[in-house]
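The next block holds one structure in the form of structure tokens; read it before the comments.
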Amino acid sequence: MRASSNSSSSRMKSVQDSSGGLWDSVKKAAFVIGSGLFFLVAFRNSVTWHLQRFWGASGDFWQMQWSRLYTAFDGNEASLFFIGTMLVPTFCFWVFNIFLMIADTTGKPVFVTRYRIQQDKNNPVEVERVWRAVKVVLCNQLFLSVPLVVLTYTVMSWRGEPCGPELPTFHWVLVELAVCGLLEEVLFYYSHRLFHHPFFYKRIHKIHHEWTAPIGVVSLYAHPVEHVFSNMVPALIGPVLLGSHMATTSLWFSVALIVTSISHCGYHLPLLPSPEFHDFHHLKFNQCYGVLGVLDRLHGTDDKFRKTKEYERHVLLLSLTPLTKSIPDTPIKQE
Ligand SMILES: [Zn+2]
Ligand SMILES: [Zn+2]
């Protein structure tokens with residue numbers, strides 16, 4: 001009897017506990033969610049506030065630098081445009097590629113070369129072969145890029161002021177970069193596919209494909225016609241259509257040249273955009289024609305690529321282990 005009353009009272013207590021516990025949990029949850037929401041709102045507001053302050057402050061900083069430069073050049077917009085859209089991007093291209101060429105021809109530093117995509121190739125690359133590519137690239141830049149940039153300045157001056165004293169806002173620069181990237185994807189994809197038509201391939205595009213395992217500088221190693229229509233025009237069209245400020249155009253050209261160098265460099269390095277896509281194009285010729293891959297997906301020109309190990313490795317590398325090790329060609333058998 002005693003035992004049963006004990007057990008019933010303990011059952012009552014456990015019911016009370018559980019209802020009390022439930023209520024407590026609800027209160028705790030409400031407190032946690034409520035305070036969480038409060039902090040989230042406060043955090044969001046402070047983040048927006050800090051970002052606005054940061055962009056505002058950095059915007060002022062860049063505007064000050066630009067005003068100084070503008071005054072130093074006495075408003076000579078043609079010179080400013082040429083320096084910004086030709087010399088600065090070209091300088092970025094060569095600094096990056098000289099470093100890559102040292103790695104290509106010496107196999108050092110190992111920290112870079114251990115990330116080689118086609119491991120049995122370019123180990124190391126012959127200096128004469130690199131030098132031949134460098135000469136063609138320099139000719140393309142000097143005899144085609146320079147006149148085209150001058151022509152671009154003339155066209156852009158007709159329709160606006162490409163080097164005005166006032167810089168665009170940071171957000172507008174981002175919008176323009178996105179539009180330029182999309183326009184380049186469309187124009188590069190279709191012009192590139194056209195260059196793969198047998199008629200144009202053997203006359204024009206074959207030169208660029210001499211490198212089945214490309215290196216950075218090969219990004220501009222191309223027939224003059226290809227350099228104009230596939231390399232220059234797709235990149236120029238955005239700033240011309242948008243009437244971009246020289247600062248945006250300079251940034252866009254520099255980014256585009258570094259990105260195309262990365263996509264040809266042959267090393268899948270940590271924290272850099274994956275070069276697997278275009279490297280696969282050089283390896284297989286009839287896959288992966290675009291830059292971003294959007295149009296390849298649409299036209300199914302990446303169907304073979306998507307069944308390969310290279311596709312599995314086509315990610316942003318976030319560790320120090322080369323993807324050829326973490327995703328080997330022939331999977332290591334599990335014991
Ligand atoms: Zn290429
Ligand atoms: Zn091609």
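Conditions: (1) away from ligand 2 (no atom under 16 Å from the Cβ); (2) among the small types (Gly, Ala, Ser); (3) touching a helix residue (DSSP H, G or I) at 6+ places or on another chain (Cβ under 9 Å). SER191 meets all but one. Number of the miss?
Of the numbered conditions (1) away from ligand 2 (no atom under 16 Å from the Cβ); (2) among the small types (Gly, Ala, Ser); (3) touching a helix residue (DSSP H, G or I) at 6+ places or on another chain (Cβ under 9 Å), the odd one out for SER191 is (1).
Filter region 233-250 down to residues that are in a helix (DSSP H, G or I), surrounded by 21 or more Cβ atoms within 10 Å (Cβ to Cβ) and in contact (Cβ under 8 Å) with a residue 60 or more places away in the chain, then give me how many there are.
Total meeting the criteria: 8.
Taking the criterion of being within 15 Å of ligand 1 (Cβ to nearest atom) and either without any contact (Cβ under 8 Å) to a residue 12 or more places away in the chain or touching a strand residue (DSSP E or B) at 6+ places or on another chain (Cβ under 8 Å) (or both), would at least one residue in region 287-305 satisfy it?
No, the conditions are met nowhere in region 287-305.
So how many residues does region 268-291 have that are away from ligand 2 (no atom under 16 Å from the Cβ) and touching a helix residue (DSSP H, G or I) at 6+ places or on another chain (Cβ under 6 Å)?
Looking only at that region, the number is 3.
Testing THR260 on (1) on the phi < 0 side of the Ramachandran plot; (2) surrounded by fewer than 19 Cβ atoms within 10 Å (Cβ to Cβ), one condition comes back false. Which one is that?
Unmet condition: (2).
Looking at region 251-272, which of its residues are within 13 Å of the chain's Cα centre (by Cα), within 21 Å of VAL88 (Cβ to Cβ) and outside any helix (DSSP H, G or I)?
Within region 251-272, LEU272 is the sole residue that qualifies.
Evaluate region 195-204: report whether one residue or more is in a helix (DSSP H, G or I), under 30 Å from PHE73 (Cβ atoms) and within 15 Å of ligand 1 (Cβ to nearest atom).
Residues of region 195-204 in a helix (DSSP H, G or I): 195, 198-204.
Filter once more, keeping what is under 30 Å from PHE73 (Cβ atoms): none.
Checking region 195-204: not a single residue is in a helix (DSSP H, G or I), under 30 Å from PHE73 (Cβ atoms) and within 15 Å of ligand 1 (Cβ to nearest atom).
Can you tell me which condition VAL136 does not meet? The list is (1) in contact with a Gly (Cβ under 9 Å, 6 or more places away or on another chain); (2) assigned to a helix (DSSP H, G or I), and all the others hold.
(1)
Those residues that are under 21 Å from LEU316 (Cα atoms) and outside any loop (DSSP other than H, G, I, E, B), I need them from region 105-129; list them, please.
Those that are under 21 Å from LEU316 (Cα atoms) and outside any loop (DSSP other than H, G, I, E, B): VAL110, PHE111, VAL112, THR113, ARG116.
Kindly indicate whether VAL179 is over 25 Å from GLY266 (Cα atoms), modelled with pLDDT of 95 or more and more than 16 Å from ligand 2 (Cβ to nearest atom). Break it down into steps so the answer makes sense when it comes.
Numbers: over 25 Å from GLY266 (Cα atoms): yes; modelled with pLDDT of 95 or more: yes; more than 16 Å from ligand 2 (Cβ to nearest atom): yes.
Yes, satisfied.
So for region 303-313 (the condition being among the basic types (Lys, Arg) and within 16 Å of ligand 2 (Cβ to nearest atom)), does at least one residue qualify? Show your work before the answer.
From region 303-313, those among the basic types (Lys, Arg) are 304, 306-307, 309, 313; that's our starting set.
Those left that are additionally within 16 Å of ligand 2 (Cβ to nearest atom): 304.
Within region 303-313 (the criterion being among the basic types (Lys, Arg) and within 16 Å of ligand 2 (Cβ to nearest atom)), the answer is yes, since at least one residue qualifies.
Is at least one residue of region 314-323 within 16 Å of ligand 2 (Cβ to nearest atom) and either on the phi > 0 side of the Ramachandran plot or not in a helix (DSSP H, G or I) (or both)?
Checked against the condition, which is being within 16 Å of ligand 2 (Cβ to nearest atom) and either on the phi > 0 side of the Ramachandran plot or not in a helix (DSSP H, G or I) (or both), region 314-323 yields no hits at all.
Spot the failing condition for SER263; the list is (1) of a type in the set (Gly, Ala, Ser); (2) modelled with pLDDT of 90 or more; (3) more than 16 Å from ligand 1 (Cβ to nearest atom), and only one is missed.
Answer for SER263: the failing condition is (3).
The values are calculated or read from the model by the stated rules, or taken from the named source; none is laboratory data. Since we're looking at a predicted model, the values are computed, not measured. Please note: Cβ atoms are built from the backbone with ideal geometry, for glycine as well, and neighbour counts cover all protein chains shown.
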